[in-house]
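To start, the structure itself, in structure tokens.
Coordinate-derived values only; no laboratory data. All values reported here derive from a predicted model rather than from experimental measurement. Cβ coordinates were reconstructed from backbone atoms using ideal geometry, including for glycine residues, and neighbour counts include every protein chain displayed.
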Amino acid sequence: MNRKLALLFILNFAFLIFSYAQPERWQQSVKYNMNVSLDVTTNIVNGIEKLEYTNNSPDKLNKVYFHLYWNAFQPGSEMDVRSRELGKILVNGKPDWDSRVRDRISKLTPTEIGYQKIKSIKMNGVEQPVIVHGTILEVDLIKDIQPKSKVTFDLVFEAQVPVQIRRSGRDNEEGVRYSMSQWYPKLCEYDYEGWHTEQYVAREFYGVWGDYDVTIKIDRSYKLGGTGVLANATQIGWGYDKPGTPLKSISSAERTWHFTGKNVHDFVWAADPDYEHIVKSVDGVTINVIYKKVDSMEQRWQSVADAAVIVLPYMEKRFGKYAYPQYSFIQGGDGGMEYPMATLIKGPSLGTVFHEWMHSWYQMMLASNENEHPWMDEGYASYAQGEVSAYYNKVMNIESPKPLPLNHAGAYRGYYFLQKSGLAEPMTTNADHYNTNMGYSINAYSKGEMLLEQLGYIVSDSVRDQILLEYYKLWRFKHPNPNDFFKVAQDVSGIQLGWYKEYWLNTIKSIDYKIDSLWADGDITKIRLRRIGEMPMPIDLELTFRDSSREIHYVPMDMMLAGKPAESSETRFVHEPWNWTNPTYVVEFDHPLTQLIKAEIDPTKRMADVNLDNNVLKLNW
Ligand SMILES: [Zn+2]
């Protein structure tokens, strides 16, 4: 063995014997106090919204903005036009529009559209001038809001619940009467980048953390689930007070439901007269499963509640503590959509259940700006979904042979498809501004999921897991951006990762390494590796010999300035780093060539090599 070469490169690990100060990033804060009533015959919501808004920024604010999301559900809206335009693009022979939206908005009648109308808005008791820009309300303040000061807003609004097209609305496919998301005038977020006033074109949300106190008056036959904890549970019954209690009978025609949610950045609710309710508890967290009874599905809804109890301790161990006292899985919406302390899901699919719940970490507690960095939410939630599903299957003994990389092979398949399609765009693209829905969804979900799985390849899986926990600890409730994540990844791993961020996020460059050639040099064997793709990576090269023994030959990449720890009990040799400017690298090892039967680059397949065929060399002596 040529030990001199193998040991030249000295590893430099910085394990978690450090403690970083909590990063400073000011956050605006808000208290919502809403009093609303929903008329179930006209589908009109009337509401009074009182906001206490604290400007923690160093800036004077001369305007504030609100989202009026439901204005998107009107013929000719930006959401309508965008969907119809995407419908003209064919991807795999199919229109690229969201099959739920298509051209449906263009056909809504006046009683079917959605709208949010502001009847009055006062700041500190004084009426303010407003301009409506589609789904954004601009309030031109008569008096500035000073830094570090608090103001109150009083809004009176009327909204019409649209026929369900996307996420929110009435009468979804499963017959849920009201899926109430994006339903109230919602304050836009102001942060170190300024105001975030994206039109509601398709997707992604960003909001101000605060406390919500919401009182909803609705026909007494309706049953509700929502963000927050039911404050008047003893008046309502229906399992909210004690397991198995019926909905209390009352004499008045309408019933009032009172929810409170603390430190959340949105509030969702859903209502239907035929809802059923399962309640469970795990680690001090109350789990509600609220669904419409269909006999063939009953058992599966029960299994959602059972699975939630099984997976929460694992989720907390892997990704950090769940910060809220409750979580509700509510049937509603048009797929699966995440909200604080709740999700609206069409059906009891466990994959969706785990995915939406994991958004509580990446969209509710960390809450990166999803418009700008959709992958930080969708990608990370998808990564966690794969891990949680694998854990659940193991506990339940639902084991089946799995393709590599374990738990994430689907994401890699999608990414390889996108890279070949010619429709790939950089991950830095704003969520609504991708050329195609396919380009958005594979980047946000799959390439984001792979960012973490491939990070395990670069820094080792165990260090990646520590990074995720440290990231959560340092950045929850602070809206982290990509630099913040990569800073934590570098600090925890002791490996320089700026190159990974640049290539993976800012470019669509591919990874492709090959085993180029090999030859004997006396008793030593030499293998030449070649980088064909534009993106450089460190290399795990696994060698298998005639006696079935194996060795890992690890070649770090120069820009890392360090290497990862060994990941298995296999014998490992660490070589000098490969300078990225060099297209080839020769690995030497101390076995006669005739002993070698196989050489393979990254046998775990965590590196996103777009051509796996040239990664393996088999020798039939
Ligand atoms: Zn998601």
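One table, with the values for the structure above:
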{"read-out": "At most 16 other Cβ within 10 Å, DSSP loop - chymotrypsin sites (Phe, Trp or Tyr not before Pro), the range 425-504", "value": "477"}
{"read-out": "Karplus 3J(HN,Hα) series, Hz, for the range 525-532 with 6.51 cos²θ - 1.76 cosθ + 1.60 (x for Gly, Pro)", "value": "10, 10, 10, 9, 9, 10, 8, 9"}
{"read-out": "P(r), alpha carbons of the range 410-519 - 10 Å bins starting at zero, rounded %", "value": "13, 40, 33, 12, 2, 0"}
{"read-out": "The range 140-193-the range 421-477 distance, computed between alpha-carbon centres (Å)", "value": "29"}
{"read-out": "Karplus (6.51, -1.76, 1.60) ³J(HN,Hα), θ = phi - 60°, over the range 193-205, in Hz, Gly and Pro reported as x", "value": "8, x, 6, 10, 10, 5, 5, 7, 9, 8, 7, 6, 10"}
{"read-out": "Placed amide H near residue 91: partners under 5 Å, 5+ positions off or other chain", "value": "96"}
{"read-out": "Rounded D (µm²/s) - the chain, Kirkwood Rh over Cα pairs, Stokes-Einstein at 25 °C, 0.890 mPa s", "value": "93"}
{"read-out": "With at most 14 other Cβ atoms within 10 Å, longest stretch of the chain clear of loop GluC sites (Glu not before Pro) (DSSP)", "value": "194-398"}
{"read-out": "Table column - 3J(HN,Hα) (Hz), the range 284-293, Karplus curve with 6.51, -1.76, 1.60, x for Gly and Pro", "value": "x, 9, 7, 10, 10, 10, 10, 7, 8, 6"}
{"read-out": "MRE, 222 nm, helices only [DSSP H, n ≥ 4, -39500 (n - 2.57), over the chain, to nearest 500]", "value": "-6500 deg cm²/dmol"}
{"read-out": "Relative contact order (percent, whole number), the range 365-444, Cα cutoff 8 Å, 6+ residue spacing", "value": "44"}
{"read-out": "Contact order relative to length of the chain, as percent, for alpha carbon pairs under 8 angstrom and 6 or more apart", "value": "13"}
{"read-out": "Overall form of the range 456-499 per C-alpha gyration tensor (a/c, 1.5; a/b vs b/c)", "value": "oblate"}
{"read-out": "Euclidean distance between Cα centres, the range 590-621 to the range 307-325, Å", "value": "39"}
{"read-out": "Tensor-based shape of the range 31-184 (alpha-carbon gyration tensor, a/c under 1.5 rounded, otherwise prolate or oblate)", "value": "prolate"}
{"read-out": "Charge sum, other residues only, whose C-beta stays under 9 Å from residue 199's C-beta, Lys/Arg counted +1 and Asp/Glu -1", "value": "-3"}
{"read-out": "Placed amide H near residue 518: partners under 5 Å, 5+ positions off or other chain", "value": "528"}
{"read-out": "Relative contact order for the range 427-532, counting Cα pairs under 8 Å that sit 6 or more residues apart, in percent", "value": "20"}
{"read-out": "Long-range amide H partners of residue 164 with built H, under 5 Å", "value": "170"}
{"read-out": "Signed unit charges on C-beta, dipole axis of the chain, positive-most listed residue 446, 128, 234", "value": "234"}
